[in-house]
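Have a look at the structure below before the remarks.
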Amino acid sequence: MNLSIRDPGGSGRALIWAHGLASSMALEDQAGLIDWKEPAAGWRLVRYDARGHGASPGSASAADYRQPLLAADLLDLLDHLGIDRAVVGGASMGAATALYAAVAAPERVEALVVAVPPAGRGARRLPATMLRTAATTVRLMGKGPFLRMAHLTTPPPILRGELEPFARSVVAGFEQLPRDRLAAILRAAADHDLPADAALRRIEVPALVLGWTTDPGHPAATAEHVARLLPRAELHLAETGAEVRTWEGIVRSFLQGV
């Protein structure tokens with residue numbers, strides 16, 4: 001398998017974690033929403049860089065970053081590691097990947113951890129337009145104009161103050177990606193919604209949905225919508241950075257109960 005992977009091995013139950021758009025394991029280590037340096041006791045935490053991200057190779061074609069393909073990579077990772085079933089989770093793009101994986105192969109997914117799912121359904125219009133514009137800007141004019149705008153853009157309220165390092169890590173991810181690959185990844189993110197409502201209603205496993213307020217790219221309404229559709233979902237919404245920092249404990253408690 002070509003993906004860059006971190007796997008401690010061992011016999012513990014498996015948790016597969018997928019990072020967000022333009023991020024990587026290294027960037028999550030610096031400013032992630034959840035501190036994975038010390039995994040939950042008794043769990044085999046597997047992390048990886050999605051195709052085209054971090055240390056994993058990628059192409060300059062947006063078609064290669066479609067969510068069904070990202071989900072197929074996650075499921076192939078289970079095969080590669082000899083894992084029959086796992087708790088599958090992720091943040092932002094990784095949250096969508098986890099949902100698509102559960103739809104594609106429900107028998108492989110023991111439970112879900114869905115953190116800040118990207119804007120879906122009607123809430124997608126503005127974020128999708130911004131991503132599409134960004135992709136076009138990068139493709140035609142290079143990364144410079146896009147990165148200058150990214151640095152000048154004020155983060156949404158939830159990502160100021162305590163969570164500002166996370167906001168900076170997103171821009172750092174943009175800076176690290178090659179121009180053509182960045183344009184392709186942004187375009188793919190603009191073009192793909194979450195799985196269909198009917199498909200989400202069929203995911204009959206325990207699910208933890210973590211959302212926050214005041215971020216149009218990851219609106220609370222989308223997290224609430226996903227939690228309503230998943231038959232066995234538990235929803236937590238954060239309004240402050242301090243509340244986001246409680247997510248690590250919430251995830252650990254959830255895993256203990258699965």
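The values are calculated or read from the model by the stated rules, or taken from the named source; none is laboratory data. Values in this document were obtained by computation on a predicted structure and should not be read as measured data. Neighbour counts are summed over all protein chains in view; Cβ atoms, including those assigned to glycine, are modelled from backbone coordinates with ideal geometry. Accessible surface is based on the protein model in full, side chains and every heavy atom, while ligands, DNA and RNA are left aside. Shrake-Rupley method; radii C 1.70, N 1.55, O 1.52, S 1.80 Å.
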Ordering of 81-90, 180-189 by burial proxy (mean other Cβ atoms within 10 Å per residue, highest first): 180-189, 81-90
Dipole of the chain, positive direction: furthest Cα of Ala134, Leu33, Val244, with charges on the beta-carbon: Ala134
Probe 1.4 Å, accessible area per residue of segment 7-121, Å²: 33 Å²
Charge dipole (debye, nearest 20) of the chain; +1 at Cβ of Lys and Arg, -1 at Cβ of Asp and Glu: 600 debye
Anisotropy class of segment 148-258 from Cα gyration tensor, a/c 1.5 cut: oblate
Calculated [θ] (222 nm, deg cm²/dmol) that DSSP helices of n ≥ 4 give over the chain, each run adding -39,500 (n - 2.57): -13500 deg cm²/dmol
Overall Cα dimensions of segment 27-135, principal axis frame, Å, largest first: 44, 30, 29
Tensor-based shape of the chain (alpha-carbon gyration tensor, a/c under 1.5 rounded, otherwise prolate or oblate): rounded
Dipole axis of the chain (+1 Lys, Arg; -1 Asp, Glu on Cβ), positive-most option in Ser23, Ala62, Pro165: Ala62
Dipole in debye (nearest 20) - segment 108-258, about Cα centre, beta carbon charges: Lys, Arg +1; Asp, Glu -1: 600 debye
In sequence order, calculated HN-Hα J values of segment 231-245 (Karplus, 6.51, -1.76, 1.60; Hz; x Gly/Pro): x, 10, 8, 10, 10, 10, 10, 9, 10, 9, x, 4, 5, 4, 5
Given charges at beta-carbon only (K, R positive; D, E negative), |dipole| of segment 93-158 in Debye: 420 debye
Thr153 accessible area, assembled protein chains, probe 1.4 Å, Å²: 80 Å²
Residue of Gly12, Gly32, Gly20 that the Gaussian network model of the chain assigns the largest fluctuation, springs spanning Cα pairs under 10 Å: Gly12
